[in-house]
Structures are given as structure tokens and as C-alpha cells.
Amino acid sequence: MTDATVPEPGHRLKPLTPAMLRELSVRSNLRGAAQSLGHYGVIVLMGALTWMVASRHGVLWALPLMAVQGYFVAFLFMAVHETAHKTAFRSRGLNLAVGYLSAFIIGLPYEYYCLFHWDHHRYTQDPEKDPELIVGVKPASDTQLAIAYSGLLQVAGRLRLMLGHAVTGKVTVPWIPESKRATIVREARTYVALYVLLLALSLWFSSALLLWGWIVPLIIGQFFLRPYLYAEHTGCDRTRSAFQNTRTTYTGAIVKWFAWNMPYHVEHHAYPSIPFHALPKLNELVDGEIVHRGRGYIRTTRETWAWFRRQRQDN
């Protein structure tokens, strides 16, 4: 992915100087390790606590903990995203290791996502070519919109696609080039085989550990992740400029940490080679150029919901 942002006529863009870009683009194994180990450490601790409460007091008492765990697990999507750009670490091997593990946990094949996301950056907000818009929500009612905001349809869709790739050996989505289709099929079959193995082990040991510590929290976590993802581009302009077709949402430090600083999303799309830990500094440099600004995720979710409803009424 290039760092070039294509401005629309009349949009004034102050590009970074080459020296500034080089400084901000420095990748760090230490910063990546601290972020990854911190995120995974919280998941392990919360998972252990959830399992302990569920074992001693019953599943119902553990449900609030599962909801919190769900937030942490679902937001491993951000680790997948950052490693897909190969910017989480200086080391390519570490990027791949964390990327593959995180992708497996959230049920999103890593190589498939990298290609999907590549086209998203190339064709952001292009309704004919942006994969996020091609597979995106097109609700015909408020009920369908609410289901879309739960994230359950999206998870079911990608699992169905993965199973289709694994079973049929065919890949037909346009963002996967012919040369990569065999790789995507092998990846899907590997994921499915490993999931089946984990299921078999859980049944063999009569253990619900993975169910309550991973699967159920992952499903609950979609209720947090999906509104966050809709905030990135929903209602923004259909242009080539990252400063117009993307939204930066100003939010609290905890949200930014678990989202790997991706609330600075305009900055990321304008300069995708800049790693997550440098995005706050980049924001200080380009903040005045940002067109779409979210003021917290509760308010922004109301705005994106209203936008979807207006689109439905207009159509």
C-alpha cells in the first residue's frame, strides 16, 4: 500500500515531508511486543477469571465477565489489521506470527483478510470495488439494521465463506486474484481442520473452557466491534481523498489502546505505512485537514445509524 493520498480538486492537503514520513514510519519490535503481549495478557487473565467464576458459581454469574472478555477478544481484529500492513513489528516474522494467531482466534483467515484489506485501501468508498461496500450492510428495515450492528451476520458470512473455500476448493470473490486462490483454499482447510480438532478435544475432555472463555465472548464482542467498524467510513464522502472518505473518531485512551490507535483512521488511510504507535503524533500534524470527525463512539454510532436509515428511505 502506498502513502500517497489522492486529493479531490479544491481540497488543500499538506503532505508530510520525506523526513517527517521517514521518522513516523519507523517500526518497532519493542512497541509491537508491548502492545501484543498487553492485549493477550488481558485476554488470558480475563479468561481465567471468567472460567473460575463460571466453574464455581455458574455460567450466569460469569456472563458480565464474558461481555468484557468479548470486547478484548473481538478487538484482536486490530492486531490482524496492523499485522496485515506489516507495521506492528519491524520483524516480518513477528508480524506474521501475531497476525496468524489473532486471525485464527477471531475466525478470519489471515491471508484472505490481507487481500481483502488491500483492495479496501485501493478502492476506499468505491461502491463497485471496495470489498467492504460490496459485502456491506444493505438493510431493508430497522430490524435488519439492528442485526447488522450486532455483527452476527458478518461473522456468519465470513465463516460460511471460509467453509465454502474449504469444501469446494473454489474462490470466486473478485478481490482474490487467480494466483492466490490456491493459497486461500489451503488456508481455509487448515483453519477448519484446526477448529474441528479443538472441538474434538473439548468433547474428549468434556470441557466447556473454550466455549465460555473464547467462543461465547467472541460472539458477544461483535456487538462492540461492529459499531466501531461502521464509524470508520459510514457517511463519509465517495472520493479518493483519505481526508474526505474516512472518519477519525476522538475517544478515550482505553478505547484507543485496545483498538491499536485505529480511531485515528483518517491518518491511517492517508499514510498506511505509518505504524499504530505513531498515529497520535501524525494526528497532531494533520488534524486540521480532517473533514469527518467523530466525537466518541456512542455519538458516532447514532450518526452512522441515522445515515443508514436515510439511505434506505432515499432508495
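The values are calculated or read from the model by the stated rules, or taken from the named source; none is laboratory data. For clarity, every value in this text was computed on a predicted model and none was experimentally measured. Cβ coordinates were reconstructed from backbone atoms using ideal geometry, including for glycine residues, and neighbour counts include every protein chain displayed. Just so you know, the surface numbers come from the protein's heavy atoms only, side chains and all, with ligands and any DNA or RNA stripped out. Shrake-Rupley method; radii C 1.70, N 1.55, O 1.52, S 1.80 Å.
For segment 177-315, the fraction of C-alpha pairs farther apart than 28 angstrom is 42 percent. Solvent exposure of the chain, expressed per residue, is 49 Å² of accessible area, with all protein chains present and a 1.4 angstrom probe. Springs between Cα atoms under 10 Å define the GNM used for the chain, and in it the highest mean-square fluctuation of 55, 91, 206 occurs at 206. Each semi-axis of the equivalent ellipsoid for segment 195-247 is √(5λ) with λ an eigenvalue of the Cα gyration tensor; in descending order they amount to 40, 11, 6 Å. Could you let me know the centre-to-centre spacing of segment 249-302 and segment 189-246, using Cα atoms, in angstrom? Distance between centres, Cα-based: 21 Å.
Of the residues 108, 30, 229, the one that moves most in a GNM of the chain with alpha-carbon contacts below 10 Å is 30. Over the chain, the ratio between the Cα radius of gyration and 2.2 N^0.38 Å evaluates to 1.01.
Against the chain, whose longest principal axis is taken from its Cα atoms, helix 59-74 shows a tilt of about 40°. For segment 265-293, no residue has its backbone nitrogen under 13 Å from a point 7 Å from the Cα of residue 17, taken along Cα to Cβ. In order along segment 134-145, phi translates into HN-Hα couplings of 5, 9, x, 5, 9, x, 9, 7, 5, 5, 5, 5 Hz, rounded to whole numbers, per the Karplus curve 6.51 cos²θ - 1.76 cosθ + 1.60 with θ = phi - 60° and x for Gly and Pro.
Angle between the Cα long axis of helix 216-230 and the longest principal axis of the chain, 0 to 90 degrees, nearest 10? It is inclined by approximately 10 degrees. Measuring only protein heavy atoms, the 1.4 Å probe finds residue 112 accessible over about 20 Å². A Gaussian network model of the chain, with springs between Cα atoms under 10 Å, assigns the largest mean-square fluctuation among 104, 258, 77 to 104.
Under 12 Å of direct C-alpha separation, and excluding same-chain neighbours fewer than eight residues apart, residue 129 reaches these aspartates and glutamates: 119. Taking the longest Cα principal axis of the chain as reference, the axis of helix 92-106 is set at about 60 degrees.
Estimate the FRET efficiency between residue 128 and residue 309 by the formula 1/(1 + (r/R0)^6), using the beta-carbon distance for r and 22 Å for R0, to the nearest 0.05. Here the calculated transfer efficiency is 0.40.
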